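The values are calculated or read from the model by the stated rules, or taken from the named source; none is laboratory data. Given the structure is predicted, the values throughout are model-derived calculations rather than measurements. Ideal geometry is used to build each Cβ from the backbone, glycine not excepted, and the neighbour counts take in all protein chains shown. Heavy atoms of the whole protein, side chains included, go into the accessibility calculation; ligands, DNA and RNA do not. Shrake-Rupley method; radii C 1.70, N 1.55, O 1.52, S 1.80 Å.
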Amino acid sequence: MEQRTYNQYCATARTLDLVGERWTLLLLRELLTGPKRFGDLQTGLRGLGTGLLAARLKHLEREGLAHKITLPPPARTPAYALTEAGEELGPAILALARWGLKWTMGEPQPTETFHPGWAVLGLQACFNPQAAAGLRAVYEFRIDGEVFHARIDDETIETLHGPAQHPDAIITISESAFLRLTSQTLTLAEAIKTGAASVSGDEEALRRIKGLFRLPQPRTRKTDR
């Protein structure tokens, strides 16, 4: 597949030469949360055909943004992981996510797919470090069948797929209610009150969760003139 280029001696243009093709940034989004097998990437990127996924992965390997690895026991299966250069795209992708939360979200459309695992990166995008000052706690999130956790350590956050070994607090919520949280038509307190969510664990950790993750106030891109 021929690689298109802007043919500009510009850092922005050269970066877009590498990551500007359709699906490439979303593929990097998937790999930012840890190594993934080919099948895992297919699951997270519904609508991306097998041939195009293989081509995009080869492109990322060729350009030094991703490489093949073997997962540790007990899996011992081939997977893809980001290189140092690929990992350093993380802040740019999170910045795009924060911009999107403010300017693009609204209600989900009937044709749009959603995967609860995308929240692993979403938690980083809406993390409020000032609210985490002095806090050391592990939060486990359960959205229907998906489980992931966030480790807060004094204004820093690490988010990972899978359950936590010793969570300080557990938040369980339905996928439909979580989508309403994302679109800001429901609060966590309201979800708990209606039974769409439940929480358990350390009272202090639960008390502080409200300020840890803040969605930006939605804005409209169009103005009346």
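Summed over the residues of the chain and divided among them, the accessible surface reaches 61 Å² per residue at a probe radius of 1.4 Å.
Take Arg46, Arg207, Arg56 and sort them by solvent-accessible surface of the protein heavy atoms, 1.4 Å probe, largest at the top. Please list the in-between numbers first.
Details: Arg46 130, Arg207 155, Arg56 25 Å².
Most to least solvent-accessible, the answer reads Arg207, Arg46, Arg56.
Counting only aspartates and glutamates at least 8 places from Lys68 when in the same chain, those with an alpha carbon closer than 17 Å to its own are Glu30, Asp40, Glu84, Glu87. Using the Cα centre of segment 89-225 as origin and beta-carbon charges of +1 (Lys, Arg) and -1 (Asp, Glu), tell me which of Pro163, Ala197, Pro129 is placed farthest towards the positive end of the dipole. Most positive-ward Cα: Pro129. For segment 9-52, the alpha carbon positions stretch 37, 22, 12 Å along the principal axes, listed from largest to smallest. Mean sequence separation of contacting Cα pairs (under 8 Å, at least six apart), scaled by the length of segment 36-178, corresponds to a relative contact order of 15 percent. Where both residues lie in the chain, what percent of DSSP beta bridges are antiparallel, nearest 5? Roughly 85 percent of the beta bridges in the chain run antiparallel, per DSSP. Listed by chain and number, the lysines whose C-alpha is less than 21 Å from the C-alpha of Lys102, apart from same-chain residues fewer than 8 away, are Lys210, Lys222.
Only one item in (i) 141; (ii) 113; (iii) 173 matches volume of the Cα convex hull per residue in Å³ derived from the coordinates shown, and that item is (iii).
For segment 5-102, the list of GluC sites (Glu not before Pro) that fall in a loop by DSSP and count at most 14 other C-beta atoms within 10 angstrom reads Glu88. For chymotrypsin sites (Phe, Trp or Tyr not before Pro), the sites in segment 94-152 that DSSP calls loop and that have at most 16 other Cβ atoms within 10 Å are Phe114. The GluC sites (Glu not before Pro) found in segment 144-222 that occupy coil by DSSP, while having at most 14 further C-beta atoms within 10 Å, are Glu155. When Arg29, Arg219 are compared by accessible surface with a 1.4 Å probe, the order from highest to lowest is Arg219, Arg29. If you find the alpha carbon centre of segment 15-43 and of segment 50-105, how far apart are they in angstrom? First find each Cα centre; the distance between them is then 4 Å.
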